[in-house]
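Novice: Structure below; questions to follow.
The values are calculated or read from the model by the stated rules, or taken from the named source; none is laboratory data. Note that the structure is predicted; figures quoted are calculated from it, not measured. Here the Cβ positions follow ideal geometry from the backbone for every residue, glycine too, while neighbour counts run over all protein chains shown.
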Amino acid sequence: MYCWTPLLQATHGNHFEIVQMLLEHKPNVNALDKDGCTALAIACKEGFYDISLALINSGAYINVQDHSKDTPLIYAVKGGYKNIVEALLKKHVDVDLPGKEKKTPVYTAVEKGHLAILKLLLASNPDLEHCTNSGDTALLRAVRSRNAEVVSLLLERRARVAAADNRGDTSLHVAMRARSKQIVEILLRNPKNSQLLYKPNKNKETPYNIDMSYNKTILGQIFGARKLNTNEDNENMLGYELYSAALADMLSEPSLSVPITVGLYARWGSGKSFLLNKLKEEMKNFARQWRETGWAWSWAVSWGTWHVALFVAACVAVAGVEPYIALAVLFALFAALYMTFYLLWYLGNKYEWWWADGIVAALGRKFGSLLLLLQVMFCHPPGPEDPRALPATPIRFHFTEGMKNGAGQEGEAMVVQMIGSLAEALECQYGRVCTRLARAFRPRPVSSTSGWKWRRACCIPHIITFELSFMCVLVSICVLIIFLTDKDPSRRDVPQGLVVGVCAAAG
């Protein structure tokens, strides 16, 4: 029933005595007005505590959403009516039910800055990782509002600092842009959160790079003065975890250059092996913080698509189809494949369809491997001081087990074993072909400030030479197959066969 009832009218006018009289006659306390609001929602919105309490005790539904998806609890939180919020919580209201724009009561309390109400809601153990339409969590909203007290309160309740919005920004991204030293220091009190300083967003920006773009850096001010969390959980944390997190943070510093040697000196049985395992795990976790997009529109996509279409068109031509039809198949298949890739990428990013995202991620890994192979074969890598380089470069760690120096084993043999183990790890990560071609070609940058450059011979890029050779071989094979499968014996004499064979070999 979408209309004004006596109970709705009395509630809207804050006539408590009339509401009591109506409730004695058992009316429909869940009747809706034109906006989908019940009498309880109106009372919570206007802050009428006595009427709200009477309606709650009369059995009014406390989790009803109006046309905008807001609930009585959200209205009470918006208005800052603490006593009404307490009354609803005593009736076990759903504190995780989202309202307009998927904003939960906790998010609304953070947005409005109602600290006392937020403490009440947190006592009900709500979901702090619920995201709004823009991807914001309660912690991200608190950081955007620069409310350090709320940030500390949420972190005590184990809110995830690594949570990111739709742009890929974490709380550290937002705090660095806002130049909020106090909030950055609060976020970095846990040493494990230091890994997020190098986590890029969708624009490849990291909190570290954002801070370094200013003359007066926040990290420079708080470095060395950073305190560890003093809450109960971190006091109970093993010292190994703190040491390994701090050491992994130092080894992951972007300004460091390899090789880096770290020496650990400890007594036998002191647990240094356990510390090394913890350090390895922390560094692996740091590498996982880098966002893997799974797909990049590089020139390798066009290159691979073109060659697939070229191979199919060659098969069509060998089947005896007219040349112009094979040429049409070539361009049509290339366009169809490219449009299919774009459609899958669009569906995966715009609508977040899991199957499209999975296909694009798998194709992205294949094209990424192809791009690496082509760069190793045909390109000079960029120099270390390339001004066009990305502000954040993904990092990977590879480990090898140290060999114990046994009887008759020299130090050189240990180094050889370690290098061989590292080579196997690299081949597992990047593939045998790319790794061994890199060892064979040994690509080097043209200069320290140069970008990607084509490798050339006589001023001709190697990739052009490869393409010409590939086309010659493909055409020669097609001609040879057509000659051998020709049904007309008059066109298969020995001299003509020799000419075709020589042309195929030359191609």
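Novice: Restricting to segment 107-134, give me the number of residues that are within 23 Å of the chain's Cα centre (by Cα) and surrounded by 15 or more Cβ atoms within 10 Å (Cβ to Cβ). Step through it out loud before you land on a result.
Specialist: First, pick out the residues of segment 107-134 that are within 23 Å of the chain's Cα centre (by Cα): 107, 127-134.
Okay, now just the ones that are also surrounded by 15 or more Cβ atoms within 10 Å (Cβ to Cβ), so 107, 128, 130-132.
Number satisfying all stated conditions: 5.
Novice: Take Leu154 and tell me if it is under 23 Å from the mean Cα position of the chain (by Cα), assigned to a helix (DSSP H, G or I) and in contact (Cβ under 8 Å) with a residue 40 or more places away in the chain.
Specialist: In short, yes.
Novice: Scan segment 359-395 for residues that are assigned to a loop (DSSP other than H, G, I, E, B) and either exposed (fewer than 12 other Cβ atoms within 10 Å of the Cβ) or modelled with pLDDT of 75 or more (or both) and jot them down. Reasoning before the result, please.
Specialist: Step one: filter segment 359-395 for residues assigned to a loop (DSSP other than H, G, I, E, B), giving 381-395.
Selection gives Pro381, Pro382, Gly383, Pro384, Glu385, Pro387, Arg388.
Novice: Here are some residues: Tyr61, Tyr81. Which one is closer than 20 Å to Thr38 by Cβ, in contact with a Cys (Cβ under 8 Å, 6 or more places away or on another chain) and in the same structural domain as Ala41 (by TED's automatic domain parsing)?
Specialist: Tyr81
Novice: So how many residues does segment 31-47 have that are of a type in the set (Gly, Ala, Ser) and touching a Leu at 6+ places or on another chain (Cβ under 8 Å)?
Specialist: Final tally of qualifying residues: 3.
Novice: What is the residue count in segment 453-507 for residues that are modelled with pLDDT of 85 or more and not in a helix (DSSP H, G or I)?
Specialist: Summing the residues that are modelled with pLDDT of 85 or more and not in a helix (DSSP H, G or I) in segment 453-507 gives 9.
Here is a yes/no grid of residues against (1) under 20 Å from Lys112 (Cα atoms); (2) among the hydrophobic types (A, V, I, L, M, F, W, C); (3) part of a helix (DSSP H, G or I):
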residue: Met21; (1), (2), (3): no, yes, yes
residue: Cys37; (1), (2), (3): no, yes, no
residue: Leu40; (1), (2), (3): no, yes, yes
residue: Cys44; (1), (2), (3): yes, yes, yes
residue: Ile56; (1), (2), (3): no, yes, yes
residue: Lys78; (1), (2), (3): yes, no, yes
residue: Ile84; (1), (2), (3): yes, yes, yes
residue: Leu89; (1), (2), (3): yes, yes, yes
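Novice: Quick check: anything in segment 16-25 closer than 19 Å to Asn63 by Cα and either surrounded by 15 or more Cβ atoms within 10 Å (Cβ to Cβ) or assigned by TED's automatic domain parsing to the domain that holds Ser58 (or both)?
Specialist: No, segment 16-25 has no match at all.
Novice: Specify the residue that is farthest from Gly59 (Cα to Cα); the eligible residues are those in segment 93-106 that are surrounded by fewer than 24 Cβ atoms within 10 Å (Cβ to Cβ) and in contact with a Pro (Cβ under 7 Å, 6 or more places away or on another chain).
Specialist: So the residue we want is Asp96.
Novice: While we're on this one: When both residues are 6+ apart or on different chains and their Cβ atoms are under 9 Å apart, which pairs have a first residue that lies in segment 454-476 and is over 20 Å from Pro443 (Cβ atoms), and a second that is in a loop (DSSP other than H, G, I, E, B)?
Specialist: Within 9 Å, the pairs are Ser469/Gly507; Met471/Gly507; Cys472/Gly507; Val473/Gly507; Leu474/Gly507; Val475/Gly507; Ser476/Gly507.
Novice: Looking only at segment 418-447, which residues are assigned to a loop (DSSP other than H, G, I, E, B), over 31 Å from the mean Cα position of the chain (by Cα) and of a type in the set (Gly, Ala, Ser)?
Specialist: Within segment 418-447, just Ser447 meets the criteria.
Novice: Quick one: which of Tyr75, Tyr81 is surrounded by fewer than 24 Cβ atoms within 10 Å (Cβ to Cβ) and at pLDDT 90 or above?
Specialist: None of the other options fit; the residue is Tyr81.
Novice: Taking the residues in segment 26-35 that are hydrophobic (A, V, I, L, M, F, W, C) and in a loop (DSSP other than H, G, I, E, B) as candidates, determine which candidate is farthest from Gly59 (Cα to Cα).
Specialist: Only one residue fits best here, namely Ala31.
Novice: Could you look through segment 307-327, keep only residues that are over 40 Å from the mean Cα position of the chain (by Cα) and of a type in the set (Gly, Ala, Ser), and pick out the one that is modelled with the lowest pLDDT?
Specialist: Filtering first and then ranking leaves Gly320.
Novice: May I pose another question? Being part of a helix (DSSP H, G or I) and among the small types (Gly, Ala, Ser) is the filter here, so list the residues in segment 164-213 that pass it.
Specialist: Result: Ser171, Ala175, Ala178, Ser194.
Novice: Taking segment 107-151 on its own, how many of its residues are among the acidic types (Asp, Glu) and in a helix (DSSP H, G or I)?
Specialist: Final tally of qualifying residues: 2.
Novice: Assess whether Arg179 counts as being surrounded by fewer than 20 Cβ atoms within 10 Å (Cβ to Cβ), more than 20 Å from Gly220 (Cβ to Cβ) and of a type in the set (D, E, K, R).
Specialist: no
Novice: Determine, yes or no, whether Lys90 is surrounded by fewer than 17 Cβ atoms within 10 Å (Cβ to Cβ) and over 35 Å from the mean Cα position of the chain (by Cα).
Specialist: Considered against the rule, which asks whether it is surrounded by fewer than 17 Cβ atoms within 10 Å (Cβ to Cβ) and over 35 Å from the mean Cα position of the chain (by Cα), Lys90 comes out as yes.
A quick yes/no check of all residues on (1) in the same structural domain as Gly36 (by TED's automatic domain parsing); (2) modelled with pLDDT under 95; (3) touching a Leu at 6+ places or on another chain (Cβ under 8 Å); (4) more than 30 Å from Met176 (Cα to Cα):
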position	(1), (2), (3), (4)
Val93	yes, yes, yes, yes
Lys102	yes, yes, no, no
Ile117	yes, yes, no, no
Thr137	no, yes, yes, no
